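See below for the structure under consideration.
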Amino acid sequence: MTTAKDILNSKKSDIVSIADELTVYDAVTTLAKFKIGFLIVTDSAGNFAGVLSERDVVQKCINFRKLPEQVKIKDIMTGKERVISGSEDDHVESIMNTMTEKKIRHLPVFKGDQLKGIISIGDVIKILLHEKDNEIKTLASYVSGNYPG
């Protein structure tokens, strides 16, 4: 079974972060620059402080007609105590279930207190499709009599 660690090892491991004292405008600019929808937020000491998603910006800033240039990230982010996260040993099915139940599109993955990476719903779908493709190829090979076994 594929684990979170396997997924992280199969993809680019860059973690894009932003300081909690910056503005939502800075966050939106960063999201656009990297073509992503989720940021890790750090405190003044560079420690994990929480996360900020496109959804946070829309629901907590734009919906309340607050100017992104005038709102600090720390005022709308999801603080670390409320962040839904996973561990490196979580299986892909568990990750998918967590994302579905909690209605989230990104899952920070930790090993103890250390952030190892972020898994997106797209990463999960890609892995599941790859696994299904392999199953189909194995079954087709078996049915055709070409199964090595």
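Please treat every number below as a calculation from the coordinates, not as lab data. Quick caveat: nothing in here was measured; it's all calculated off a predicted structure. Ideal geometry is used to build each Cβ from the backbone, glycine not excepted, and the neighbour counts take in all protein chains shown.
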Somewhere in region 96-112, is a residue among the hydroxyl-bearing types (Ser, Thr, Tyr), surrounded by fewer than 18 Cβ atoms within 10 Å (Cβ to Cβ), more than 16 Å from Asp6 (Cβ to Cβ) and in contact (Cβ under 8 Å) with a residue 12 or more places away in the chain?
-> yes
Would you check if Phe34 is under 16 Å from Ser120 (Cα atoms), without any contact (Cβ under 8 Å) to a residue 24 or more places away in the chain and aromatic (Phe, Trp, Tyr)?
-> yes
So which residues in region 23-36 are buried (at least 16 other Cβ atoms within 10 Å of the Cβ) and either hydroxyl-bearing (Ser, Thr, Tyr) or in a loop (DSSP other than H, G, I, E, B) (or both)?
-> Thr23, Tyr25, Thr30, Ile36
Residue under evaluation Cys61, criteria (1) under 30 Å from Lys132 (Cα atoms); (2) in contact (Cβ under 8 Å) with a residue 24 or more places away in the chain, criterion not met | (1)
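Which of the residues that make up region 90-137 are among the hydrophobic types (A, V, I, L, M, F, W, C), in a strand (DSSP E or B) and touching a Lys or Arg at 6+ places or on another chain (Cβ under 7 Å)?
Val109, Phe110
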What is the residue count in region 6-42 for residues that are within 16 Å of the chain's Cα centre (by Cα), among the aromatic types (Phe, Trp, Tyr) and more than 21 Å from Glu88 (Cβ to Cβ)?
-> 1
Quick one: which of Val16, Val51, Val24 is in contact with a helix residue (DSSP H, G or I) (Cβ under 6 Å, 6 or more places away or on another chain) and closer than 27 Å to Lys111 by Cα?
-> Val16
Subset of region 52-61, residues over 30 Å from Asn9 (Cα atoms), surrounded by 15 or more Cβ atoms within 10 Å (Cβ to Cβ) and among the hydrophobic types (A, V, I, L, M, F, W, C), comes to Cys61
Scan of region 69-89 for residues that are buried (at least 17 other Cβ atoms within 10 Å of the Cβ) and outside any loop (DSSP other than H, G, I, E, B), ordered by number | Ile73, Ile76, Thr78, Gly86
So is Lys66 more than 18 Å from the chain's Cα centre (by Cα), of a type outside the set (Gly, Ala, Ser) and surrounded by 14 or more Cβ atoms within 10 Å (Cβ to Cβ) or not?
-> yes
